[in-house]
Amino acid sequence: MLTDTQVKRYIDGAGANCPYCGEPNPMGGPVEIEGKLAVQEMSCASCQARWNDIFARFNAVDVDRVNAEEVAPPDTVNGSPREYLVRWEIDTEAVTPHEAAARALAVQRDGDPANTATIFEVTDKVTGMVTTVDLATETDPYETH
């Protein structure tokens, strides 16, 4: 079974390497469309591992608009907001669960730019796509100027 770390490394690497052994150029079978999702069985010749790549349809564009940067990102399709689930985690020491939650809230709200409460896991509730966002190091690739 793939671990979260293996999946993240595979997705971040655009699927160029086997998520199990890291060898380049996994092989893909035919793509099957299932509603808003497309599923492609993948395999690795080196370690014989098999897994499914899952793609989500989030937009459609004219054929002549092939530049991916011109395609509207999922959060701005049709100019409408989308629903996301945002998670934030922190390791903290406390005597009770309530105290731990209060300490986490204090870190989130302290306004100190040096605090480390900047990494969020964001799940698109339509496609299920999970993105890890580090607000301390990343700019918003979907922001329009």
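The values are calculated or read from the model by the stated rules, or taken from the named source; none is laboratory data. All values derive from a computational prediction rather than experimental measurement. Every residue, glycine as well, gets a Cβ built from its backbone with ideal geometry; the counts of neighbours run over all protein chains shown.
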Those residues of the range 16-59 that are more than 19 Å from the chain's Cα centre (by Cα), surrounded by 14 or more Cβ atoms within 10 Å (Cβ to Cβ) and not in a loop (DSSP other than H, G, I, E, B) come to a total of 3
Sole miss for residue 131 among (1) under 21 Å from residue 8 (Cα atoms); (2) in a loop (DSSP other than H, G, I, E, B); (3) modelled with pLDDT of 75 or more is condition (2)
Those residues of the range 108-128 which are within 24 Å of the chain's Cα centre (by Cα), surrounded by fewer than 13 Cβ atoms within 10 Å (Cβ to Cβ) and at pLDDT below 70 amount to 116
The correct count of residues that are within 24 Å of residue 124 (Cα to Cα), polar (S, T, N, Q) and at pLDDT 60 or above in the range 62-107 is 1
Of the residues in the range 2-39, those that are of a type in the set (A, V, I, L, M, F, W, C) and under 22 Å from residue 131 (Cβ atoms) come to 2, 7, 11, 14, 16, 37, 38, 39
